Structure formats: structure tokens, C-alpha cells
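Here's the structure, in C-alpha cells; my notes come after.
The values are calculated or read from the model by the stated rules, or taken from the named source; none is laboratory data. A quick note: this is a predicted structure, and the numbers were derived from the prediction, not measured. Cβ placement follows ideal geometry from the backbone for every residue including glycine, while neighbour counts extend to all protein chains displayed.
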Amino acid sequence: MIPLIEINNGVPRHPQYRMKEPVNFCMMPGEHVALLGPNGGGKSLLVDIITGRWPLLMNEVKYHFDESGSDLVCDHIKYITFRDSYGDADGTYYYQQRYHSQDREITPLVSELLPEAKDEAFKETLFRLFGMHDMLDKYIVLLSSGELRKFQLTKALMGKPSLLILDNPFIGLDASTRALLQDLLCKLIEETHLHVILLLSRAEDIPPFITHVVPVEGLVCGEKMEAKNLDGVPKVDAPEILRRYAPQDDKGNSAPQDEKRGEDEVPEVIRLNKVSIRYDERTILKELDWVVRKGEKWALTGDNGSGKSTLLSLICADNPQSYACDISLFGRKRGTGESIWEIKKHIGYVSPEIHRAYLKNMPAIDIVASGLHDSVGLYVRPKPEQRGICEHWMEVFGIGDLKDRSFLQLSSGEQRLVLLARAFVKDPDLLILDEPLHGLDTRNRAHVKGIIEAFCKHPDKTLIMVSHYQDEFPACVTHRLHLKKEKVC
């Protein structure tokens with residue numbers, strides 16, 4: 001049988017994009033492969049070699065796709081990295097753009113970005129399964145992370161490619177949509193000639209339709225093995241982090257928790273009174289009342305498009321509609337003369353939007369330092385003692401050796417760790433984490449969850465965390481808020 005894709009001792013011409021060993025990779029017809037490895041292990045680099053982005057010194061990649069009237073590799077292979085983006089990566093996107101309604105007229109609608117379908121029946125199947133009919137008249141910048149994922153998948157699949165490569169496809173999706181995506185991919189595999197390669201950081205995320213696994217670690221492409229022969233996933237914890245960051249007394253022992261006070265005695269951190277957010281005819285939030293008190297740890301949940309990120313944008317003053325709403329923060333009513341910087345100096349925040357906005361070719365430690373001034377980019381050079389704090393937090397997150405590496409040269413998972421260090425760097429009173437474990441491997445997920453657990457042991461610190469996975473929330477969560485998607489009026 002002729003391989004679908006074959007690489008024999010492949011070495012990219014450019015030394016910067018080489019694996020530690022020559023690449024040997026073979027994918028046979030009927031196989032569906034998971035490239036499994038830790039953050040920064042080389043999965044993305046391997047895909048760039050497979051897709052021909054980095055030409056090889058010799059022994060070029062061999063492709064044997066079904067005849068479809070095109071000899072172009074790009075017509076047969078579609079690669080989606082799922083970096084949260086709201087349009088083309090042309091530099092026109094900026095942080096907070098999603099919430100600024102006055103900019104929508106220069107941004108496209110979902111319907112304007114979808115290509116013409118080669119098969120109308122196939123298109124209707126995609127639209128129905130992903131709920132695309134409800135999104136066609138929405139501006140691309142107003143899509144939630146989950147809605148954007150559905151759009152990107154639909155856009156890529158409408159051309160009916162031979163091979164679909166997906167980088168961590170299930171992150172950012174609610175449980176029902178994750179199951180839907182798995183079912184869709186299974187159906188496409190069964191009914192078409194589609195082959196699938198997934199880049200995954202955790203063995204737990206391998207779906208049933210994957211037939212083979214290729215381990216990729218330390219910039220080495222391992223031997224392909226059958227998925228059914230994959231060893232069990234080891235459990236990892238982070239007791240060291242709990243000791244290093246948990247509150248301690250003068251002798252280094254864990255500090256006792258404060259005695260519980262009556263609710264009326266605890267200061268308010270956030271108060272929303274009958275808050276509603278609308279974009280044209282679409283209601284995102286409707287008359288929401290919410291009070292968060294000092295020391296509370298909140299789990300914020302809801303399906304994709306239910307308004308979770310919009311709610312957080314109101315708190316952080318990234319959404320211009322926040323000044324038209326009855327919102328108080330740290331006991332002060334929004335719009336009474338405070339600046340956006342006064343609001344942000346007490347808040348540590350990480351989100352898909354922040355990750356998307358950081359297209360800065362600057363050292364990772366400068367990204368962390370920007371958290372001291374709440375900027376996207378570094379405009380004020382940190383003092384020596386501040387740089388020491390940044391280095392400390394990078395060590396806490398296990399990325400101290402990356403401090404001088406360019407942010408854009410890091411893997412997506414390593415970038416997420418840098419942005420998490422940025423959120424913690426000023427030891428904020430209010431920590432807001434929107435999908436903080438996105439794309440992290442098993443070890444790093446346990447590591448970061450341990451840091452979050454340690455943060456929660458500080459009685460005067462307040463946490464709001466968003467996730468679609470219940471096991472990602474720290475055990476010390478005290479309150480929950482579940483948002484439901486509002487119907488179009």
C-alpha cells in the first residue's frame with residue numbers, strides 16, 4: 001500500500017527549524033494520527049515539515065493524495081492552529097477590539113468570510129452540526145472563542161480537503177460542542193476520504209477515532225504506535241508549588257486561615273446591578289445581578305456564546321459599555337472619575353483575547369513585566385527589583401530558562417505560561433483567569449493548577465475562573481455562576 005505522506009530522514013534547510021534528529025514519518029491510508037507531546041516538544045515544527053513550510057535539504061516530503069484535479073498541497077491539506085483570532089493575521093486586530101462596537105463596520109461578517117462550497121449538501125451538514133446559521137450575520141470580532149472555533153472548522157472543511165490537521169481542537173469548547181466535534185469528525189471520516197492529524201498535549205484528549213500516536217518530545221519525532229497500545233496517563237501533582245506560594249507564618253509554616261466573618265462584614269470587590277449588554281438585536285447579558293466579596297473564589301461557567309468573556313470585559317473596563325452599566329469595583333462605582341489604570345492595578349488577568357493580542361517580537365520576560373503596568377507591550381522599562389520579581393514568577397511557572405527567548409518563538413503552551421506569569425506578577429487582589437489551562441500538557445496543567453490552589457489559600461485574595469472542564473477548577477471554589485445563552489430578540 002502506498003503511504004499517504006512519507007518523510008525519510010528529513011532535515012529542514014534552515015538550521016533554526018530543525019529537529020534534534022532527522023525526521024522519519026509515515027502515514028498510511030485509513031490512519032488518523034495524534035502527535036502527542038509536551039509544550040515546546042516540537043509538534044508544531046513537525047507539522048511545518050509535514051506541510052512543506054520548511055523545505056528539506058534532501059528527501060523531500062512525498063504525498064500521495066487522491067486525484068482531485070489539483071496538484072497543490074494547500075488544496076489537499078488544511079491546518080488550523082486555533083490561535084484565537086478574529087480575522088486574518090494582518091496586524092489589524094487589537095486587544096479589546098471585540099468589545100468596541102464602533103469598529104464593527106470595518107470588520108467582516110461571518111457570512112462574508114466563508115468560501116463558496118464545493119458541495120452544497122455537505123455545506124448544509126456542516127452548518128447544521130455547528131449551528132452556523134445563527135452566526136452568519138454576526139461580526140467576526142463578536143464571536144466567542146468557541147463560536148470562532150466552529151467558524152474556523154467550517155471554513156476549512158468546506159473545501160473538502162484530503163487531510164485536516166488540528167492543533168488542540170477541543171480547547172475552549174463546552175462539553176456538548178466537544179462531543180459534537182468528535183461526532184462530526186467521526187462522521188466525516190466514515191463518509192469521506194478525510195484523514196486527520198491532531199496535535200495534542202494530553203493523552204486524555206485523544207478521541208476514539210485516532211488509530212495511531214506519534215510521540216514528539218525534546219524535538220525528536222518518535223516511532224508511530226497504535227493508539228490502543230498507549231500507556232496509561234500518569235497523574236502529576238505540584239506540592240512544591242503549594243509550599244512555595246501558599247501563605248506562611250514567620251517560621252515558614254502554612255499560615256492559618258482567617259476566621260469566617262459575616263457576609264455583611266466582608267467588603268465587596270464587584271457589584272453588578274441589572275447589567276444588560278446588547279449588540280444590535282443580540283442580547284448577550286440580560287439584567288444580571290452579581291456580587292463578589294473579598295476572599296471569594298468563583299467558578300464562572302456557561303456554554304460557548306453565553307457571555308462569560310463579555311462579563312469579564314466589563315469588570316476589567318475593556319468593554320466601553322461598562323461605563324453605561326451600574327457596576328462597582330472595590331467599593332467604587334464605575335464612572336465616578338477613576339481611570340482604567342486605577343481599575344486594572346488591582347487585577348491580574350489572562351484570557352484568549354490577551355493571548356491573541358500579544359504578537360510582540362520581544363523577550364518573554366518583557367511580556368511578564370508588562371503585567372506590572374497592564375499594557376499590551378512594554379512601554380516602561382522595569383526597575384532592577386521589578387525585573388527580579390518577573391524572574392521569580394517565571395521560575396514559579398517553570399519557564400525561567402525562557403526569559404530571553406522571543407515570545408513569538410515559543411510554543412502556544414509556553415506562551416500561555418508566560419501570560420499566566422504576567423497575570424500573577426503584581427500579586428493582584430483580584431485574579432481573573434479565562435481558560436488558563438488552554439493547551440497545556442499534563443505536567444503543566446497540574447503545575448498551574450497547583451499555583452492557583454496556592455493562590456486560593458490566601459484568604460484576602462479573590463478569584464474568578466472560567467473553564468469548560470469541571471476538573472480544572474480548584475477544590476477551594478466557594479461560589480459558582482452559570483450563564484445561559486440569551487435568545488435572539
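Select from the stretch 313-329 the residues that are more than 12 Å from Asn273 (Cα to Cα) and either surrounded by fewer than 18 Cβ atoms within 10 Å (Cβ to Cβ) or not assigned by TED's automatic domain parsing to the domain that holds Glu265 (or both) and list them in ascending order.
Once the filter is applied, which keeps residues that are more than 12 Å from Asn273 (Cα to Cα) and either surrounded by fewer than 18 Cβ atoms within 10 Å (Cβ to Cβ) or not assigned by TED's automatic domain parsing to the domain that holds Glu265 (or both), the stretch 313-329 yields Pro320, Tyr323.
Within the stretch 145-177, track down each residue that is in contact with a Phe, Trp or Tyr (Cβ under 7 Å, 6 or more places away or on another chain), without any contact (Cβ under 8 Å) to a residue 60 or more places away in the chain and outside any helix (DSSP H, G or I).
Lys160
Filter the stretch 115-138 for residues that are among the hydrophobic types (A, V, I, L, M, F, W, C), outside any helix (DSSP H, G or I) and under 27 Å from the mean Cα position of the chain (by Cα) and give the result.
Met135, Leu136
Is it the case, given these coordinates, that Asn9 is surrounded by fewer than 20 Cβ atoms within 10 Å (Cβ to Cβ), in the same structural domain as Asp205 (by TED's automatic domain parsing), out of contact with any helix residue (DSSP H, G or I) (no Cβ under 8 Å at 6 or more places or on another chain) and part of a loop (DSSP other than H, G, I, E, B)?
no
Could you check the stretch 265-324 and list, in sequence order, the residues that are aliphatic (A, V, I, L, M), under 20 Å from Ser351 (Cα atoms) and assigned to a loop (DSSP other than H, G, I, E, B)?
The answer is Ala317, and nothing else.
How many of the residues in the stretch 37-62 are at pLDDT below 90 and outside any loop (DSSP other than H, G, I, E, B)?
Number of matching residues: 1.
Can you find even one residue in the stretch 401-415 that is touching a Phe, Trp or Tyr at 6+ places or on another chain (Cβ under 6 Å) and not basic (Lys, Arg)?
No, there is no match, as no residue in the stretch 401-415 is touching a Phe, Trp or Tyr at 6+ places or on another chain (Cβ under 6 Å) and not basic (Lys, Arg).
Out of the stretch 65-77, which residues are surrounded by 13 or more Cβ atoms within 10 Å (Cβ to Cβ) and at pLDDT 75 or above?
Across the stretch 65-77, the qualifying residues are Phe65, Val73, Asp75, His76, Ile77.
Filter the stretch 449-489 for residues that are within 22 Å of Ser306 (Cβ to Cβ) and of a type in the set (Lys, Arg); which is modelled with the lowest pLDDT?
Once the filter is applied, the top-ranked residue is Lys487.
Tally time: how many residues in the stretch 18-33 are within 15 Å of Leu45 (Cα to Cα) and surrounded by 14 or more Cβ atoms within 10 Å (Cβ to Cβ)?
6
If you check every pair at least six apart or on different chains, which have Cβ atoms under 7 Å apart with a residue in the stretch 178-197 that is over 15 Å from Leu126 (Cβ atoms) first and a residue that is assigned to a helix (DSSP H, G or I) second?
From residues that are over 15 Å from Leu126 (Cβ atoms), the pairs are Val196/Leu185; Val196/Ile189.
How many residues does the stretch 122-159 hold that are at pLDDT below 85 and either among the small types (Gly, Ala, Ser) or surrounded by fewer than 19 Cβ atoms within 10 Å (Cβ to Cβ) (or both)?
9
For the stretch 360-405, enumerate the residues that are in contact with a strand residue (DSSP E or B) (Cβ under 6 Å, 6 or more places away or on another chain) and modelled with pLDDT of 90 or more.
Scanning the stretch 360-405 gives a single hit, Asp404.
Taking the criterion of being touching a His at 6+ places or on another chain (Cβ under 9 Å) and closer than 28 Å to Lys308 by Cβ, would at least one residue in the stretch 181-201 satisfy it?
yes
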